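These notes are about the structure you will find just below.
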Amino acid sequence: MAPPTPLLAVRGSEGLYMVNGPPSFTESVAFQRDSGKNCKAVAFSKDGSLFAWCNGEKVNVFNVTRAELLHSFDLPKTVCLEFSPKNNVLATWQAYATAKDGTAGVPNLQLHDLRTGKCLKSFVQKKMQNWCPCWAEDESICARNVNNEVHFFENNNFNTIANKLHLQKVSDFVLSPGAQPTKVAVYVPGSKGAPSFVRLYQYPNFGGPQSALANKSFFKADKVTMLWNKKATAVLVVASTEVDKSGASYYGEQTLHYLAASGESAVVQLPKNGPIYDVAWSPNSVEFCAVYGFMPAKATVFNLKCDPVFDFGTGPRNAAYYSPHGHILVLAGFGNLRGQMEVWDVKNYKLISKPVASDSTYFAWCPDGEHIVTATCAPRLRVGNGYKIWHYTGSVLHAREVPADQEMWQHEDEPPQNMKPQLGGSDKPVSKIALKNQRKHEAKKAAKQEAKADAPQGPAQVRTPQNALQNTVPAMTTGDPEVDKKIKNLKKKLKAIEQLKEQAAAGKQLEKNQVEKIQKEAALLKELEDLELGV
């Protein structure tokens, strides 16, 4: 049972509190404000009936429907939270750490039974990337990536591995949404001249390549993002390289591939050259929108034959957001663009409104499909923090500006300031897909920011694993290739510092010059912030 009105969780230097959605926009009296300033992570359950947060002392689970505290777990260092689809399990993750003598650390990924409050299972999960197990929507299957295998558990019994999918160097997988039978898309990066590939399987038929539902191999792929449609009939794969060898793009290149569960596959031909900023499936599962090409970017809707259905022309945009019911599409330009939004009726392909949400670092549809939340949050931007609730016709229904001496914090899956994605060129904003890939690439650095509460959470609607990516907006690029190079060099130095800090945490004795490098971190972060905010 969902709460009677949509709720937003807001956290920042004023603490953690909830705001009622349309039409009241008042602070919820059912949820008692947590006034602490060390709230590291928050999460709603898929249906919005449960809410969890870590305040630096405990992980608390609140029943929104009944307005009561359900559980409290003694896990003060938790930085990631996720509910299973049916609210039976809460997954928590803390940064992994070895002892000073080099012995292995304790299990840092816990799965909690929300009916009894007991810990069902603990795992060692060293990396933040892909930290959370993935469930089928009915929770009959749960899976996690372990070395070269994907391990499957059934009916939340984590003491027995029910099935294994073994592929050498498998680095990512995505379970299909919807009803059984569950399908799984797996990615294996290429090596030694062999191409990368994505394969689709139906659980539990993992007999080898011949048992795959579909297979697509491709070169030019250092990493991929895989997106199932809602009906689990097809997957879109955005393949990205770190470097564009043609020299057309400073930050690499992307290609878009299509795989159907029926076995068909294709390369999606995009009519304009340049980066792929965003790709989004329509909830109807028969169309998808791509935003691509050197600025001004094109946006095009394609059908399942990968043929163009409607071309929106070019404009200052780098993101696409379908409403929950699929009847409205927002094309937006965030990051170094000015926050222009185009709201389209996709049934008739008519432009409804063109609101502007300047300096936005967060975007989300409300579950009712009529209202939109935009926000400006730290650490991406430390001034002008606040949020707005819009009607899709373009009118602002409610606005909240945070006092100048206060901050409102971004989501826990948002990278710290020194982790901006590096896709897109000097004149191109960075995509949400790039944001996800960058999180994977520098996940250890994100975990290290936990102590500073530097990966905070701003206003949040009910989030699901399928739409979590929809909530983030592209980060900034400067528009100046020389400045971009300086930023890249600073990030390399900061990454080296993070590696030194990890070595020190593991008990290694550092040299004097290495200690001096670590001491320069604050100055480098300040220099990086000045460069990135000087857009």
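The values are calculated or read from the model by the stated rules, or taken from the named source; none is laboratory data. These numbers come from a predicted model, not from an experiment. Cβ: placed from backbone, ideal geometry, glycine included. Neighbour counts: every protein chain shown.
Yes/no per residue for (1) in a strand (DSSP E or B); (2) of a type in the set (Gly, Ala, Ser); (3) under 22 Å from residue 46 (Cβ atoms):
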position: 96; (1), (2), (3): no, no, no
position: 100; (1), (2), (3): no, no, no
position: 103; (1), (2), (3): no, no, no
position: 126; (1), (2), (3): no, no, no
position: 164; (1), (2), (3): yes, no, no
position: 169; (1), (2), (3): no, no, no
position: 181; (1), (2), (3): no, no, yes
Looking only at residues that are at pLDDT 80 or above and in a loop (DSSP other than H, G, I, E, B) in the range 511-535, which one is surrounded by the fewest Cβ atoms within 10 Å (Cβ to Cβ)?
511
Taking the range 355-398 and keeping only residues that are closer than 22 Å to residue 309 by Cβ and either modelled with pLDDT under 85 or assigned to a loop (DSSP other than H, G, I, E, B) (or both), one is left with 369, 392
Identify, from the list 322, 277, 292, 258, the residue that is within 20 Å of the chain's Cα centre (by Cα), at pLDDT 95 or above and either within 24 Å of residue 196 (Cβ to Cβ) or not acidic (Asp, Glu) (or both).
322
Of all residues in the range 330-345, which are in contact with a strand residue (DSSP E or B) (Cβ under 7 Å, 6 or more places away or on another chain) and either of a type in the set (S, T, N, Q) or more than 19 Å from residue 393 (Cβ to Cβ) (or both)?
333, 334, 338, 340
Is the range 74-83 home to any residue that is among the hydrophobic types (A, V, I, L, M, F, W, C), more than 30 Å from residue 197 (Cα to Cα) and part of a loop (DSSP other than H, G, I, E, B)?
yes
Kindly indicate the residue of the range 387-401 that is hydroxyl-bearing (Ser, Thr, Tyr) and within 18 Å of residue 328 (Cα to Cα) and also surrounded by the most Cβ atoms within 10 Å (Cβ to Cβ) among those meeting that condition.
392
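Being hydrophobic (A, V, I, L, M, F, W, C), more than 24 Å from the chain's Cα centre (by Cα) and not in a loop (DSSP other than H, G, I, E, B) is the filter here, so list the residues in the range 183-220 that pass it.
The answer is 214, 218.
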Residues to consider are 132, 119, 142; find the one that is without any contact (Cβ under 8 Å) to a residue 24 or more places away in the chain, in contact with a Phe, Trp or Tyr (Cβ under 9 Å, 6 or more places away or on another chain) and either closer than 14 Å to residue 92 by Cβ or buried (at least 21 other Cβ atoms within 10 Å of the Cβ) (or both).
119
